[in-house]
Structures are given as structure tokens and as C-alpha cells.
Amino acid sequence: MKTDTIFYSLFQEFPSFFFELIDRPPDEAATYEFTSREIKQLAFRIDGLFLPNTETPDTPFYLAEVQFQPDPDLYDRIFGELFLYLRQYKPLNPWRVVVIYPNRTVNPTAQSLFGRTINRTSAVN
């Protein structure tokens, strides 16, 4: 689209415009580098989806992930899978993500990027 090129050029030349648009101090632009990057798409396989079998729009669907080994990139991968699913299938229902761990030590600790995480971990015997 032509507007992408226009805005890219504007932000490249005048990065403070972006910060003014989002109601932030324009001088904040000095602490950022503006760039554009290509994102390569990986193939993802979701462990499990629980999709409502009714047409009730307020019934959530669940993305289930079973994780029995430590994976520091777990939340990055889950949200990548989720947002790719949302883009491709465009479900009308709200969503929930459930991660099943064997114990608390498998749960990665770097969760601040994705908001609040509820730790309700049960050991599977």
C-alpha cells in the first residue's frame, strides 16, 4: 500500500511524529531506532484446541499446551501459535490458554511480556 511507504518515510525522517500520534512526549523518539523487519513464518502445531460446538459467541475456546520439559521460549511460541490461529480462522469466541505442567519447576519465569499469568500447577502422578 502507498500509505505504508508514506508513513515509513515520515517515521524514518521524523520519528517524533509517531510519539505525538500515541500521545507520548516527542523527545521520547531519541531513545528508539525506527526500522522495518521481515518476519519469517514458521509452521506451528497446537497441542490441542477445545472449540465450542455451539454458536454461543461468549463461550471461549481453549488452546491446551502440555509442557513437561523446561522451555524458556514457551510463551513466545504459544502466543505465536494463538495469534496465527486467530488470524487464519478468525473465531468469534473469546479464547483461553491452558498450559499443563508436571510441576512448578517447568514453568518459565519470564512472563512479564504477556501480562498476568495464574500459577495453578498440579503435579501429574
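The values are calculated or read from the model by the stated rules, or taken from the named source; none is laboratory data. Worth saying up front: this structure is predicted, and the values here are computed from it rather than measured. For neighbour counting, all protein chains shown are included, and Cβ atoms are generated from backbone atoms with ideal geometry for every residue, glycine included.
Out of segment 66-97, which residues are part of a strand (DSSP E or B) and modelled with pLDDT under 90?
Val66, the sole residue that qualifies.
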(message) Could you go through segment 105-123 and let me know if any residue there is at pLDDT 90 or above and of a type in the set (Val, Ile, Thr).
(response) no
(request) Tell me which residues, restricted to segment 27-50, are surrounded by 12 or more Cβ atoms within 10 Å (Cβ to Cβ) and in contact (Cβ under 8 Å) with a residue 40 or more places away in the chain. (result) Phe44
(message) I want to confirm something. Restricting to segment 60-91 and keeping residues that are within 29 Å of Asn103 (Cα to Cα) and among the hydroxyl-bearing types (Ser, Thr, Tyr), which single residue is surrounded by the fewest Cβ atoms within 10 Å (Cβ to Cβ)?
(response) Tyr62
(message) Suppose we filter segment 12-63 for residues that are within 16 Å of Gly80 (Cβ to Cβ) and in a strand (DSSP E or B); how many remain?
(response) 2
(request) Can you tell me which residue within segment 1-26, out of those that are loosely packed, with under 12 Cβ neighbours inside 10 Å and under 30 Å from Ile78 (Cβ atoms), is nearest to the chain's Cα centre (by Cα)? (result) Ile22
